[in-house]
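The values are calculated or read from the model by the stated rules, or taken from the named source; none is laboratory data. Predicted model only: the values in this text are computed from it and were never measured. Cβ coordinates were reconstructed from backbone atoms using ideal geometry, including for glycine residues, and neighbour counts include every protein chain displayed. Heads up: the accessible areas ignore ligands, DNA and RNA and are worked out on the full protein's heavy atoms, side chains in. Shrake-Rupley method; radii C 1.70, N 1.55, O 1.52, S 1.80 Å.
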Amino acid sequence: FELNVAHINDHHSHLEEEKMPLKLNGKTVTVHIGGLPRVAQAIKNFRQGNKNTLVLHAGDALTGTLYYTLFEGKADAELMNAINFDVFTLGNHEFDDGNLVLKNFLDELKIPVVSANVVPDKGSILEGKWTPYMIKKIQGQDVAIVGLDVVGKTVESSSPGKDIKFHDEVETAKKMVEELQAKGINKIIFLSHAGYEKNLEIAEKVSGIDLIITGDTHYLL
C-alpha cells in the first residue's frame, strides 16, 4: 500500500507570495515564500505525478494579513476550496475572533474539517461543523485522518466561546486510536495542530499511529 501525502500548515492569510531572508548554513539567502496560488500549482503537479494522494492542511489558516482583517477568512476559504484540500484541522488562531467568525469561515469552506479534542456543546453555533476524524477509502483501504488542536494556547490566547470544550491532546489521541482499531482500521494519520514538541510526545506515548502531520510550530524540517 503506497500513500503520498502533501501538507501545509499555518498559512495565516498569507494569500500572496512574499520575499523573506532565511539563514541557511550561516548564509542569508532571499527566498519567495507562501502564496496560495503557488501552493495550488505545486499541489496540482503533486496530484498529477503521484498515485494515492492525500493533501492536508494542519491548521491556522486565519489571522496575519489584511486579507483576514478585511474578509475574516472568506478569502482564505475560497482559495482553500480551489486547492481542494482533502482535510483541514482547526488551529488555535481559528478561534481568535470567537465562535461567529469561525462559523462564517467554516460555512464558506467546502473541505472536511476534523478536530477530535475540540467539542462544541449541544446548541452551540459550531455544533456539527467538524468531526473528530474522517475515513478515506484509498486503493480499497480505509485510511483514518484524526484532527487535534493545541489546547493551552487556544484557551489562553484565543477567544473560543464558553460552549467549546477542549480535551487533553495525548489522552484524546489514545482514545481515538482505540476507537479506530476497534473498527478494524489500522492506517491512522493524525493531522495535529498540537505543536512539534507535543506531537513528539504523542508519538512516544500512543501506539498505533502511522503518521503525524504537525501544525503550530514553524520549523524548517
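Remarks
- Where residue 77 falls short, out of the listed (1) of a type outside the set (Val, Ile, Thr); (2) over 19 Å from residue 194 (Cα atoms); (3) open to solvent by less than 20 Å² (accessible area, probe 1.4 Å); (4) assigned to a loop (DSSP other than H, G, I, E, B): (4)
- Only listed residue being modelled with pLDDT of 95 or more, among the small types (Gly, Ala, Ser) and out of contact with any helix residue (DSSP H, G or I) (no Cβ under 7 Å at 6 or more places or on another chain), chosen from 82, 42, 75: 42
- Within segment 97-197, strands (runs of 3 or more DSSP E) holding 2 or more residues that are within 24 Å of residue 12 (Cα to Cα) and not hydrophobic (A, V, I, L, M, F, W, C): 141-149, 188-193
- Here residue 70 does not qualify as aliphatic (A, V, I, L, M), touching a residue at least 12 places away in the same chain (Cβ under 8 Å) and either more than 15 Å from residue 11 (Cβ to Cβ) or buried (at least 20 other Cβ atoms within 10 Å of the Cβ) (or both).
- Restricting attention to segment 3-20, the residues that are over 30 Å from residue 102 (Cβ atoms) and either modelled with pLDDT under 95 or among the aromatic types (Phe, Trp, Tyr) (or both) total 1.
- Among the conditions (1) farther than 26 Å from residue 99 by Cα; (2) in contact with a helix residue (DSSP H, G or I) (Cβ under 6 Å, 6 or more places away or on another chain); (3) surrounded by 18 or more Cβ atoms within 10 Å (Cβ to Cβ), the only one that residue 54 does not satisfy is (2).
- Restricting the first member to segment 116-137 and to residues that are among the small types (Gly, Ala, Ser), and the second to residues that are open to solvent by less than 50 Å² (accessible area, probe 1.4 Å) and assigned to a loop (DSSP other than H, G, I, E, B), the beta-carbon pairs closer than 6 Å and six or more apart or on different chains are 124/163.
- Residue within segment 198-211 that is in a strand (DSSP E or B) and at pLDDT 95 or above present: yes
- Pairs, first farther than 19 Å from residue 55 by Cα in segment 206-221, second in a loop (DSSP other than H, G, I, E, B) and open to solvent by 100 Å² or more (accessible area, probe 1.4 Å), C-beta under 6 Å, six or more apart: none
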